[in-house]
Amino acid sequence: MARPTISDIAKQAGVSKATVSRVLNNRPQGVGGPTRERIRKIMDDTGFHPSALARGLTTGQSRSVGLIIPDIANPFYPLLVSGAERALSAAGYSLFLCHSAGDVAKEGEAIRVLIEKGVDGVILDSAGSQSDAQVRTLEKAGIPVVLLDRVIGKRSSRYGVFLDNQLGARQAALHLLAREACRLIYINGPARLSQSVERRSGVEAALRDSGVAADRLRIVAGDFTLESGRCLTASLIEAQRAAGADRRLAFNAIFAANDLMAIGALRALRQAGVAVPEEVEVIGFDDIEFARMTEPPLTTVAQPAQEMGAISAELLLRLVAGRRPRRKTVLTTPRLVLRGTTVARSASAPSRSLAGDRNHGKL
C-alpha cells in the first residue's frame with residue numbers, strides 16, 4: 001500500500017494542501033477547530049507521517065542538529081549528549097550523533113556528512129583544539145556552530161559552552177597540597193587539548209599559591225584512558241621498588257585530569273598493596289557515575305555535564321532562529337566533591353574564581 005501524502009489527506013478532508021500544512025505546523029490561523037480535528041483524525045486513521053525532507057524543502061529547515069563527540073566510550077561524553085538531546089527534543093528537533101574517535105580527519109568527514117544531511121546547526125566537541133578548518137567549513141556552508149567542552153582558538157572568538165578547567169584543577173590541587181609534606185603526581189591529558197592546558201595551569205597556580213616547593217610536584221602525561229592512569233601509576237611504583245628504595249613511596253597524592261585515569265591509578269595502587277587514602281590520596285576530574293562506585297568512592301572535580309549539553313543546544317537554537325545570544329560563550333563552574341579517596345581536612349584552602357563569565361543569567 002502506497003504511503004499517504006499530504007495531497008491524499010487534503011483530498012479526503014476536502015481542504016487545500018495549505019490547510020493541511022497549517023495543521024501539521026500547529027499554525028492556528030485560518031483553520032477552524034472542527035476542521036483541524038477532522039484532518040488530524042484522517043492522519044491518524046491513514047497512518048500519515050509527514051516527510052522530514054519535504055518539510056525541510058518547504059520551511060528551509062530540517063529540524064535536526066548534529067553533535068560530534070571525540071570518545072563515545074568515555075562515560076563523560078554521553079552526559080553531554082543526554083543534556084543536549086533533551087533540550088533539542090523539547091524544541092522539536094532531532095539529533096544526529098557522530099563519533100570522531102579522537103581523529104580530526106574522521107571529524108572532518110562527519111562534518112561533511114552533516115552538511116549533506118542538511119542539518120540546521122552543529123554542536124562540536126572537537127577531537128583537537130586546532131581544528132579551525134572544521135569550523136570554517138561549517139561557517140562557509142552557512143551552518144551555525146557551537147563549540148562544547150573543548151576550545152578551538154581563543155575562547156571568545158566563537159560561540160561555545162565550556163568549563164572553568166583552571167579553577168577546577170586548582171581546587172583539587174590545593175586540597176591535596178594542604179596535606180603535610182605533600183608530594184603530588186599530576187597525570188595530565190594530551191598536551192594538544194585545551195582542557196589539558198587549562199588544568200595543568202590550574203595545578204601550577206595552586207602550587208604557587210600554596211607556597212609548596214616546586215620539586216613536590218611531578219607532572220606526567222596520560223591520554224584520558226583508564227589504562228594510561230593504571231600504567232603510569234604502576235610504572236612509578238615499580239621504578240621506585242626496582243631501585244631498592246624502601247616501601248615508602250616518593251609520592252603521597254595523585255591528581256588525574258579525568259576520572260578514568262584516576263580509576264586506573266586506584267587499580268594500580270590496590271594491586272601494589274598501597275592503602276588509599278592513608279598512604280596515597282587520589283582525586284579525579286569529571287564526576288562520572290563510576291566515580292561513586294570505586295572502593296573507596298573517588299573524590300573528584302564535578303562538571304555540570306548535562307547542563308553544559310543543554311546550554312549548548314539552547315545557544316545553537318537561538319543562532320538557528322537568527323537571534324543573537326546576549327553572551328557569546330558560557331563558562332560553567334566546577335565543584336570539588338570529597339569522597340573516600342582523600343583524607344578529611346580541618347579546613348581546605350580557599351578557592352577563588354579565576355574567571356568572571358559564569359553559567360548564570362540569560363543566553
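A few notes on this one:
- Number of Lys-Lys pairs in the chain with C-alpha atoms under 22 Å apart and a separation of 8 or more places or on different chains: 9.
- Taking a ≥ b ≥ c as the square roots of the eigenvalues of the Cα gyration tensor, segment 210-302 is prolate, since a/c reaches 1.5 or more and a/b is larger than b/c.
- Converting the Cα gyration tensor eigenvalues of the chain into ellipsoid dimensions via √(5λ) gives semi-axes, longest first, of 51, 20, 18 Å.
- Rg/Rh, computed from the Cα trace of segment 87-177 with Rh as the Kirkwood radius, has the value 1.05.
- Calculated P(r) tail over 17 Å for segment 188-249, as whole % of Cα pairs: 55 percent
- Residues with amide H under 5 Å from that of Ser94, placed H, sequence gap 5 or more: Ser64, Val65
- Residue order, fewest to most beta carbons within 10 Å, for Thr225, Thr300, Thr341: Thr225, Thr341, Thr300
- Percent RCO, i.e. relative contact order, over segment 165-302, from Cα pairs under 8 Å lying at least 6 residues apart: 25 percent
- Between segment 96-125 and segment 60-88, the alpha-carbon center distance in angstrom: 11 Å
- Charge-dipole axis of the chain as Lys and Arg at +1 and Asp and Glu at -1 on Cβ define it, positive-most pick from Ala87, Leu260, Ser235: Ala87
- Contact order, relative form, for the chain: 17 percent (alpha carbon pairs under 8 Å, 6 or more residues apart, mean separation divided by residue count).
- Summary value for segment 6-50: 38 percent relative contact order, contacts being C-alpha pairs under 8 angstrom separated by 6+ residues.
- Principal axis extents of the Cα atoms in segment 135-285, from largest to smallest and rounded to whole angstrom, are 63, 32, 22.
- Angstrom value of the Kirkwood radius, inverse mean 1/r, which spans all Cα pairs in segment 6-50: 10.2 Å
- Most mobile of Ala178, Ala321, Ala291 in a GNM of the chain (Cα contacts under 10 Å): Ala321
- Counting only DSSP H runs of at least 4 residues, each contributing -39500 (n - 2.57), and dividing by the residue count of the chain, the helix-based mean residue ellipticity at 222 nm comes to -13000 deg cm²/dmol.
- Theoretical FRET efficiency, 1/(1+(r/R0)^6), r = Cβ-Cβ of Ser235 and Ser157, R0 41 Å, to 0.05: 0.55
Quick note: the coordinates plus some simple rules give every number you see, no bench work behind them. Source: prediction; values computed, not measured. With ideal geometry, Cβ positions are generated from the backbone for all residues, glycine too; neighbour counts draw on all protein chains shown.
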